[in-house]
Amino acid sequence: MGLRQQLDLLLGIETLLRDLIGPGKSQSISPSNAGKPRNRKPLPPLFGMPRDAAVRARYHHASQPSPTDTVPSQHYYDALLRPPHLYSRREVLTRPSPVPKRPGVYAWYFREVPPDVPVGGCHRHDSLLLLYVGISPRKPPLNGKSPSNQSLAKRIRYHLVGNAEGSTLRLTLGCLLADQLGIKLTRVGSGIRYTFTNPGEIKLDTWLERNALVCWVEHARTWEFEEQLLRAVSLPLNIDGNDHHPYNAKLRSCRTTARVAAKVGQCVADSGGPRQRGAR
């Protein structure tokens, strides 16, 4: 490399350092200070990126407030704990739906509490109790598989018109309300799926219509906010990530008992019937 090229390289490095450090704080490279430590703030690690892309990303990291901080702002908490409006099943299922097709966290409030669910310490809004929160989409898999394309609109709607096979909330409520509603978890179709059968799911629809209301807030990194909520609020109907809750073991046992009974019980041919056609 010629002398001119070396000088050009040094000037380029100096310019890059000045941009990264900020005006008035850069140190020129010379034999007198080449070995001295520089007072620079550590840059965020960016592995596997070309140098130009890494520099651009670091500029963005330094200049843009992140909407996905590990500790969510008060705005996110207020949207779920002090919601301006709670939506009924009927409102959610209107066309067009008020629920956004965006990622986010949602919270379910209840008028009537399922039997034996402890509500001491649960958050209250007006006369309703917050018992469950959910997210959509889930945390992206770490094995390289494609992340979920679920949204608030899809997930909340499924809790209201789907079945226990695809909704952990419906599965939990159905198990807790089995005696009250006269329903039971059953193997359906080929025997792989577990639902409360079409008549049972309709009864659960009616209970949700009368007792459950939902609110939501958009959030890009839903799983991080959910972890914060599970640590900050008593949510007895949540299972995953909620092992510290005193009711968690009993709820797991209730669901396991229902599944074991269904496994040894009769398998029915349950096509879904009019309920699924009318819910589309």
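Bear in mind that the values in this text are calculations on the coordinates, not laboratory data. Given the structure is predicted, the values throughout are model-derived calculations rather than measurements. Cβ coordinates were reconstructed from backbone atoms using ideal geometry, including for glycine residues, and neighbour counts include every protein chain displayed.
Some observations on this one:
- Single residue of the range 77-124 satisfying the filter (free of Cβ contacts under 8 Å to residues at least 12 places away in the same chain and part of a loop (DSSP other than H, G, I, E, B)) that is nearest to the chain's Cα centre (by Cα): PRO98
- Failed item in (1) over 28 Å from ALA79 (Cα atoms); (2) touching a residue at least 12 places away in the same chain (Cβ under 8 Å), with HIS159 passing the rest: (1)
- Taking the range 125-156 as the range and being in contact (Cβ under 8 Å) with a residue 60 or more places away in the chain and among the hydrophobic types (A, V, I, L, M, F, W, C) as the test, the residues that pass are LEU128, LEU130, LEU131, VAL133, ILE135, LEU152, ILE156.
- Selection from the range 211-254 of residues that are among the hydroxyl-bearing types (Ser, Thr, Tyr) and either touching a residue at least 60 places away in the same chain (Cβ under 8 Å) or on the phi > 0 side of the Ramachandran plot (or both): THR222, SER234, TYR247
- Flag not set for ASP270, criterion: more than 22 Å from the chain's Cα centre (by Cα), touching a residue at least 60 places away in the same chain (Cβ under 8 Å) and assigned to a helix (DSSP H, G or I).
- The set of residues in the range 194-234 that are within 23 Å of PRO141 (Cβ to Cβ) and out of contact with any His (no Cβ under 7 Å at 6 or more places or on another chain) comprises GLU218, HIS219, ALA220, ARG221, THR222, TRP223, GLU224, GLU226, GLU227, GLN228, LEU229, LEU230.
- Of residues in the range 89-139 being charged (D, E, K, R) and surrounded by 15 or more Cβ atoms within 10 Å (Cβ to Cβ), the one nearest to CYS215 (Cα to Cα): ARG89
- Looking only at the range 127-152, residues that are farther than 19 Å from LEU230 by Cβ and outside any loop (DSSP other than H, G, I, E, B) come to 1 in all.
- Residue within the range 238-248 that is farther than 19 Å from LEU130 by Cα and exposed (fewer than 14 other Cβ atoms within 10 Å of the Cβ) present: no
- Scanning the range 187-233 for residues that are exposed (fewer than 15 other Cβ atoms within 10 Å of the Cβ), small (Gly, Ala, Ser) and under 17 Å from TYR132 (Cβ atoms) yields one hit, ALA232.
- Scanning the range 207-254 for residues that are farther than 19 Å from ALA107 by Cα and among the hydroxyl-bearing types (Ser, Thr, Tyr) gives a single hit, SER253.
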